[in-house]
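The values are calculated or read from the model by the stated rules, or taken from the named source; none is laboratory data. Note that the coordinates shown come from a computational prediction; the quantities given were computed from them, not determined experimentally. Heads up, the Cβs are rebuilt from the backbone with ideal geometry, glycines too, and the neighbour counts pull from every protein chain shown. With ligands, DNA and RNA removed, areas are computed over all heavy atoms of the protein, side chains included. Shrake-Rupley method; radii C 1.70, N 1.55, O 1.52, S 1.80 Å.
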Amino acid sequence: MSLLRILKWTASVLLALVIAAFIFIALFGWNWLRAPLERQTLAQTGRVLLIQGDLTVHLGWPWPRLQARRVTFANPAWATQANMLKADEVALSIHLPQLLAQQLVVSDLHLVKPIVFLERHRDGRKTWLLDRNQQDDSARIDIDRLTLDQGVIGFEDVASQTSLQAELASLTKPADDTLTPGVSFSAKGKYNGLPLIAKGTGDSVLALRDDSTPYGLSLEATAGDTHVKAQGHITSLVKFSSIDMQLSLSGDNLNQLFTLTGIALPATRDYVAQGHLLRRGNTLRYEAFSGRVGTSDLAGWWQVETGGKRPLLTADLVSTRLTLDDLGPVIGARPGKLKAAVKAVAQTGEAGAVTPASKRVMPDLPFKFANWDSLDAEVKFSAKSIRQASYMPLEALSAQLRLKDSVLTLDPLRFGVAGGQLDAVITLDGRHNPIQAKAQVQLKRLALAKLLPADQKAKASVSQIGGHIKLAGSGNSVGTMLAHADGTVALLVSGGEISQMAMEKAGLHLWEIFRLTLTGDKQIKLRCAVANFDVKAGDMRANTLLLDTEVTTLLGSGHIDLAQEKLDLTLTQKTKNTSPLSLRSPIHISGNFAKPIIRVDQTRVAARALGALALGVINPLLALIPLVDAGPGQDSDCVQWLQGKK
């Protein structure tokens, strides 16, 4: 038989088969294909596929389209819901060459009134993976675009405490609108353990894997105490390869965003922010944002870059006017703690050697350092002005924060304080539990007058304060770090003037107090003041306490217990001029940080008064002898102190 006759015979057979197939389909339709599809699905996945309505195939190359009605596809036995999919109609276009290569790729999937339930098991199994063990990530259906005509989608992940259910519906198309109507959606449930409610609208075609077509989305959601509003476009809803949205955020505390984003942020007061969210490649950027934290305004930008060992957060933040109390949560201070402690002391007094927690003022909320290894960070922050606080006249603030391998460094941390400057370098090593902390602080040219109460500001003239603080300790809050701190504290005051009345009262010089009351107070020279402490295990013990003026020198001793926030200091006076009438005695400073108590040694005062009374019985003039402070105290060697030689 010739080759030509063989080819003619083969073509005739193929043509006959094609004609027979068309006749068969015309007579019986495509429903005969349902049983083979169901058997093959069960064999491959171990899960039941049922097509209870008509099955239609629209031939085309390379994308034939299947349309099936009344379809259900079962979940694996371990899932909490019986079916992964139940729909009135399923229509999909399949890439035939890839199907022949045993890879199922769907370009367009349309579902009519679907109920979809997806679930992830604690051990990592996922219902949408089609291998028998639901663990092979390659055994999934890749879907490029999805459209829904009403439906419900549920998702359950016990390990992450996530349980969501969303309802979707097609929007009604306006009569004069030529565009395809979009979809509306609402969702509720839990996300990472937080209650979630969301609603919004989107384009009609959900571009799940399409990297070229932006998907329009408008969203409003509340998760826990965090509220989100977003409007714009996302490219590829599966990979989020590109984002361009206007985003508003508000909530009670920025650190709650860790649950939603995995980005560790500091504790704050309530906040709001509005800005532009962009994603390009591995960079997610929130730019040109403005808002507030507490009562402080905040603006700038931040961005997160992925692709490294861990995400890198960089930011440049500016506050035009910062409220000092808004920094409290950042260092673990409880709102209103100082007022509550003062009130507790007033109600119960200061009995007992241990200060109860209710009477303490040091920040005691622990840092969430377990989250520090979730990212690295480089952040700049500046405050151009600071709302005045009665206890600390801060004027400006700038800081550079660096978080690397769970070690947080503030270098520099710079405050404008009382006309001078406070420079600090602080390191918190979160690789250890408890945190290992170090702090070095330099005080430069602080104006003493600005640190005094309003009615005392004119009584210290141009005196300036300088000094340094070097401390190292361990603890998971500022309070516990100080309670275990070792180091030194040294402060110096030089030059200027001070109220003579204040110094005469310190010496209990009754005659001078009486005279100044009649003639009015005046300023006297302040030669110097020195406070030098050694700190060991949270106990500040005074090496030197000295205040030297023209008329009196005060010398101090004692200690400050940082762990219990207790004060135990004693000041003694050395009068340089003879005072004809004095009840001079040591001055004790006790109490706690919430309410220091300053009092004289009543025993010494009483002894001097009784001595005067006894002598007065013999001779009224002799009564003055115990009350005379003969002096003379000597000028302290301030120069050596100020030059750091002592």
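Would you confirm whether or not segment 437-458 contains a residue that is at pLDDT 80 or above, under 24 Å from residue 362 (Cβ atoms), within 21 Å of the chain's Cα centre (by Cα) and not aromatic (Phe, Trp, Tyr)? So far as segment 437-458 goes, yes, one or more of its residues are at pLDDT 80 or above, under 24 Å from residue 362 (Cβ atoms), within 21 Å of the chain's Cα centre (by Cα) and not aromatic (Phe, Trp, Tyr). Among all positions in segment 159-177, there is at least one residue which is part of a strand (DSSP E or B) and at pLDDT below 85. Within segment 349-365, restricting attention to residues that are out of contact with any helix residue (DSSP H, G or I) (no Cβ under 8 Å at 6 or more places or on another chain) and at pLDDT 65 or above, the residue that is farthest from residue 568 (Cα to Cα) is 357.
Selection over segment 185-233 of residues that are in contact (Cβ under 8 Å) with a residue 40 or more places away in the chain, part of a strand (DSSP E or B) and closer than 21 Å to residue 277 by Cα gives a count of 4. Are any residues in segment 31-49 buried (at least 16 other Cβ atoms within 10 Å of the Cβ) and in contact with a strand residue (DSSP E or B) (Cβ under 8 Å, 6 or more places away or on another chain), and if so, which ones? Those that are buried (at least 16 other Cβ atoms within 10 Å of the Cβ) and in contact with a strand residue (DSSP E or B) (Cβ under 8 Å, 6 or more places away or on another chain): 33, 34, 41, 47, 49.
Looking at residue 497, is it more than 19 Å from residue 446 (Cα to Cα) and either touching a strand residue (DSSP E or B) at 6+ places or on another chain (Cβ under 9 Å) or modelled with pLDDT of 85 or more (or both)?
So residue 497 fails the test.
Exactly one residue among 140, 132 is under 25 Å from residue 205 (Cα atoms) and open to solvent by 60 Å² or more (accessible area, probe 1.4 Å), and that residue is 140.
Those residues that are acidic (Asp, Glu) and either under 20 Å from the mean Cα position of the chain (by Cα) or not in a strand (DSSP E or B) (or both), I need them from segment 413-436; list them, please. Across segment 413-436, the qualifying residue is only 429. Scanning segment 353-369 for residues that are open to solvent by 30 Å² or more (accessible area, probe 1.4 Å) and in contact (Cβ under 8 Å) with a residue 24 or more places away in the chain yields 353, 354, 360, 361, 362, 364, 365, 366, 367, 368, 369.
Taking residue 271 as the residue in question, decide whether it is more than 16 Å from residue 380 (Cβ to Cβ) and of a type in the set (Ser, Thr, Tyr). In short, yes. Out of the residues in segment 234-290 meeting the condition of being within 30 Å of residue 204 (Cβ to Cβ) and part of a helix (DSSP H, G or I), tell me which one is most open to solvent (accessible area, probe 1.4 Å). Checking each candidate, the answer is 261. Report yes if residue 79 is outside any strand (DSSP E or B) and crowded, with 16+ Cβ neighbours inside 10 Å, otherwise no. Yes.
Looking at segment 105-129, which of its residues are of a type outside the set (A, V, I, L, M, F, W, C), open to solvent by 50 Å² or more (accessible area, probe 1.4 Å) and assigned to a strand (DSSP E or B)? Reasoning before the result, please.
Start the filter on segment 105-129 by keeping residues that are of a type outside the set (A, V, I, L, M, F, W, C), which leaves 107-108, 110, 113-114, 119-127.
Keeping just the survivors that are open to solvent by 50 Å² or more (accessible area, probe 1.4 Å) gives 108, 110, 113, 120-123, 125.
The answer is 108, 110, 120.
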